[in-house]
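We did not get these values from a lab; they are worked out from the coordinates using the rules stated. Since we're looking at a predicted model, the values are computed, not measured. Please note: Cβ atoms are built from the backbone with ideal geometry, for glycine as well, and neighbour counts cover all protein chains shown.
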Amino acid sequence: MTFPDRSEEKATANVTLMPDRYPQYDLFVCDVADAVLKDVMPMMEHPFYSLSKKPETAIRRYEHKGNWVEITPSVKGLATIYDKDILIYCISQVMAKLRAGEKVSKRVRIISRDLLMFTNRSTSGREYKALINALDRLQGTVIRTNIITGDEEQTEGFGLIDASAIKRKYGLDGRLLWCEVVLSDWVFNAIQHNEVLTLNRDYFRLSKPIDKRLYELARKHCGSQKEWKVSVSILHKKTGSKGEEKKLRKSIRAFAKSNHLPDYLVSFDTRTDTVTFTSRETVQFLDGPNPQKKWDFHLPSTAYKAARKAAPRWDVYYLEQEWRAWLSKENINPRNPERHFEKFCKSWDKQRMNT
């Protein structure tokens, strides 16, 4: 069983997005895949998580431009893309504390009910049982890599989490109350260096594993660019799908028709066998009253480095979205976008110092 339980999948087979059970939650920070590898060889480049409903027990190895990753599953199978929801939740909690100026550690307590609500899941007994299995897979999946997080290279084997503990209510029902997760040094280093991205809450409303994976790839590769083009063959490799390429083409055609992927439009050129992901935010700016594309400029990597220094408590990609939206609203065309963005971040952080 994967986390979360997919008992609703048959009922939602023809639905692009599952219902939002708990609309009170806001946008959250942190995609663990991008968090751990962002500035060097992002984990998005390699499919660390299984997209299969059946346990995967084969060892995976990927190499790209001098970086390599080897993933060894436990006897319970490789950690799944649904198991990763736990890490997203943990990183979100740590980031929230960092922004509030609180001390953080690798040990994160999870209130089970909060986690299930956060990930848009029901709070049935089956979901609690699936949570326990997910923790076992996360801890049992062993990673070996030469990819750097923060300023450290860790080549010895490590789990996605180092340990977990579970507290259960005593009695016949045995209801799960809370869990504690100890994040690996590799993941925690990335959090401390603010190597994170902001995800759209609708990520948890995507009903299929391939949908989630495509969103991750689009989020990583588009970044501040207006679009990302990729061949189906390369996209197939990046997804980690065990199915044939023709199955992925079918999924892409469905995406292009429904266009339900959060934050990105999807188009498929059958002539060149190329998929294009286009940022909806960028489309919004370009389709405005001003056709001169005033806000369609690229920020260099130095701009994000300066922004992190100016606003260390915040996700710079979230701030970039806010900045670009503000420029559009106020009809401002900065002469020096890099410097202007840095000042915006500094002002944003100062005004929200006590939040």
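Scalar couplings 3J(HN,Hα) for region 98-110, obtained by applying the Karplus form with A = 6.51, B = -1.76, C = 1.60 to θ = phi - 60°, are 4, 5, 7, x, 8, 6, 10, 9, 6, 8, 10, 8, 10 Hz; x denotes Gly and Pro. Spin-label model, ARG61/ASN336: points 7 Å from Cα along the beta carbon direction are separated by 5.0 nm.
Full extension of the segment from ARG21 to THR274, taken as 0.36 nm per residue of separation minus the current Cα-Cα distance, would add 87.6 nm.
Distance between the modelled labels on THR302 and SER258, one decimal in nanometres: 4.5 nm (7 Å Cα→Cβ projection). The simple spin-label model puts a point 7 Å past each Cα toward its Cβ; for ALA163 and GLN192 those points are separated by 1.8 nm. Each residue of region 119-127 was assigned a 3J(HN,Hα) from its phi angle through the Karplus expression (A = 6.51, B = -1.76, C = 1.60, θ = phi - 60°), giving 8, 6, 10, 6, 10, 6, x, 5, 5 Hz with x at Gly and Pro. Between TRP326 and MET117, the FRET efficiency from the beta-carbon distance, with R0 = 30 Å, is close to 0.45.
Could you work out how much longer the chain between LYS242 and LYS350 gets when fully extended? Use 0.36 nm per residue separation minus the Cα distance between them, nm to one decimal. Before the final figure, lay out each step's value.
Working: separation 108, 0.36 × 108 = 38.88 nm, distance 4.81 nm.
Between LYS242 and LYS350, full extension yields 34.1 nm more.
Hey, which of these cross-link pairs are over 26 Å Cα-Cα: LYS97/LYS305; LYS229/LYS309; LYS212/LYS250; LYS84/LYS129? From the list (LYS97/LYS305; LYS229/LYS309; LYS212/LYS250; LYS84/LYS129), the Cα-Cα distance tops 26 Å for LYS229/LYS309. Annotation: amide H of ASP83 within the under-5 Å range of PHE3, sequence separation 5 or more or interchain, hydrogens built in the peptide plane.
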